[in-house]
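Everything below concerns the one structure shown next.
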Amino acid sequence: MVAGLGQPPFRASQLSRHYFGRYTDRAEEMSDLPRAAREPLAQALLPRLLTAERELSCDGGTTRKTLWRTFDGALVESVLMRYPDRVTMCVSSQAGCGMACPFCATGQAGLTRNLTTAEIVDQIVQGGAGEVDNIVFGGPGRVSNVVFMGMGEPLANYNAVLAAVRRLTDPVPEGMGISQRSVTVSTVGLVPAIARLAAERLSVTLAVSLHAPDDELRDTLVPVNRRWKVAEVLASAWNYAAATGRRVSIEYALIRDINDHAWRADLLGSLLSGRLAHVNLIPLNPTPGSKWTASRPAAQREFVRRLEAHGVPVTVRDTRGREIDGACGQLAASARPPVPAGR
Ligand code: SAH
């Protein structure tokens, strides 16, 4: 394409270095390109895919949610989280989601459409652009980790997500040079797609949103469980761990009196004991219209204790971005600003 625009082909690599390596698509910043060529090249090859509609920050500016509008008016959100040792971008893989989990705001809204590879990657490039030279916690703020935990079911948009993983992890100029180990793909448990991902022999982390150890409850919390049961989902996770050597992350949103019983902790512990897995407990975040709430502290502590008694490593997720509706399960991408806490 570059040659077709009357430029020497090596300019493709120069453009890629600007976009993937320096997080910029702005012609005026491409000083290694001849002045007259900058604008036509950038316009033809790096068109604006996402427009930032709104940005909200909290946690002292270390958490930032961006609402993006696509060329056809679809709305998606991404969340940037800065920590002392890393900068994590949580990206959307679809506008909306078709999985219909009743405790998740995205699932309640339904699926608008799949995002393209470029729309996924651009959330990190544009969303991370301000961070490259931003010195926080004594270190530069380049995006180091990417989690596919925003809107959508990544494995229901397999080809675009896989291509995005390659763009993120291939070295500059082919990609952004992020370590495969620092990329996490989270799924409700689409078993055939997990098998396919295992066969790619990547070193990305797989997260499985389990939320219940028994089919009776999981059928209601994660409706796709009616198609692929807990045993099949976990078997595919262990196959993924064996194929990649990567520890699988089991996501479990703790919902008061729904899935936080001691016997469920024991059942989960027995299913995971001895496996290459750890449990990431997520205190349920509030979503509009949901009657459910987070577990009582005592129930959460007991849940952790019982998993640990089975020898299963457990962490409780430090949930960022709640007051900007930017936490797990809260991304709904409405053009309305969230109602402040204490409504
Ligand atoms: N569809 C994929 C990617 C989304 S990841 C998946 O389900 O894994 C978002 C994570 O937040 C999932 O583990 C999801 O189950 C969890 N989640 C959804 N709603 C939540 C809520 N209200 N509180 C806490 N976690 C929630």
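The values are calculated or read from the model by the stated rules, or taken from the named source; none is laboratory data. What you are looking at is a predicted structure, and each value in this text was computed from that prediction instead of being measured. Don't worry about glycine lacking a Cβ; one is built from the backbone with ideal geometry, like all the others, and counts go over all protein chains shown. We work out accessible area using only protein heavy atoms, side chains counted, and drop any ligands, DNA or RNA first. Shrake-Rupley method; radii C 1.70, N 1.55, O 1.52, S 1.80 Å.
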Handout entry: Enumerated strands (runs of 3 or more DSSP E) restricted to the range 1-106, each holding at least 2 residues that are in contact (Cβ under 8 Å) with a residue 40 or more places away in the chain and within 17 Å of residue 147 (Cβ to Cβ)
Key = 63-70, 75-82, 87-90
Completion exercise
Restricting attention to the range 256-271, the residues that are within 16 Å of the ligand (Cβ to nearest atom), among the aliphatic types (A, V, I, L, M) and within 30 Å of residue 244 (Cβ to Cβ) number exactly 1
Exercise for the section: Look at residue 243 and say whether it is under 21 Å from residue 183 (Cβ atoms), assigned to a helix (DSSP H, G or I), touching a residue at least 40 places away in the same chain (Cβ under 8 Å) and open to solvent by 10 Å² or more (accessible area, probe 1.4 Å). Expected result: yes
Handout entry: Pick from the range 200-233, criterion among the β-branched types (Val, Ile, Thr) and within 15 Å of residue 188 (Cβ to Cβ), ranking: surrounded by the most Cβ atoms within 10 Å (Cβ to Cβ)
Key = 222
Fill in the blank from the handout: Going through the range 166-197 in order, the residues found to be in contact with a strand residue (DSSP E or B) (Cβ under 6 Å, 6 or more places away or on another chain) and part of a helix (DSSP H, G or I) are 168, 182
Practice task
Output the number of residues of the range 206-240 satisfying the condition of being within 16 Å of the ligand (Cβ to nearest atom), aliphatic (A, V, I, L, M) and without any contact (Cβ under 8 Å) to a residue 60 or more places away in the chain.
Solution key: 9
Fill in the blank from the handout: Considering the range 286-305, residues that are away from the ligand (no atom under 12 Å from the Cβ) and hydrophobic (A, V, I, L, M, F, W, C), and then whichever is surrounded by the most Cβ atoms within 10 Å (Cβ to Cβ), we arrive at 303
Fill in the blank from the handout: Flagged in the range 173-193 as of a type in the set (A, V, I, L, M) and under 14 Å from residue 251 (Cβ atoms), in numbering order, are 185, 188
Practice task
Search the range 151-192 for residues being open to solvent by 10 Å² or more (accessible area, probe 1.4 Å) and on the phi > 0 side of the Ramachandran plot, and hand back the single one that is farthest from the chain's Cα centre (by Cα).
Solution key: 177
Fill in the blank from the handout: If we ask which residues in the range 107-125 are assigned to a helix (DSSP H, G or I), more than 13 Å from the ligand (Cβ to nearest atom), open to solvent by 40 Å² or more (accessible area, probe 1.4 Å) and in contact with a strand residue (DSSP E or B) (Cβ under 6 Å, 6 or more places away or on another chain), their number turns out to be 0
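Looking at this structure, is residue 283 within 16 Å of the ligand (Cβ to nearest atom) and open to solvent by less than 40 Å² (accessible area, probe 1.4 Å)? Step through it out loud before you land on a result.
Details: within 16 Å of the ligand (Cβ to nearest atom): yes; open to solvent by less than 40 Å² (accessible area, probe 1.4 Å): yes.
Yes; evaluated as a whole, the condition is true for this residue.
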Exercise for the section: Give the range 68-101 a look and list any residue that's buried (at least 24 other Cβ atoms within 10 Å of the Cβ), more than 20 Å from residue 285 (Cα to Cα) and more than 12 Å from the ligand (Cβ to nearest atom), or say none. Expected result: 68, 95
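Residue-wise test of (1) crowded, with 18+ Cβ neighbours inside 10 Å; (2) over 18 Å from residue 120 (Cβ atoms); (3) in contact with a Gly (Cβ under 8 Å, 6 or more places away or on another chain); (4) of a type in the set (Lys, Arg).
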{"position": "7", "(1), (2), (3), (4)": "yes, yes, no, no"}
{"position": "13", "(1), (2), (3), (4)": "no, yes, no, no"}
{"position": "26", "(1), (2), (3), (4)": "no, yes, no, yes"}
{"position": "60", "(1), (2), (3), (4)": "no, yes, no, no"}
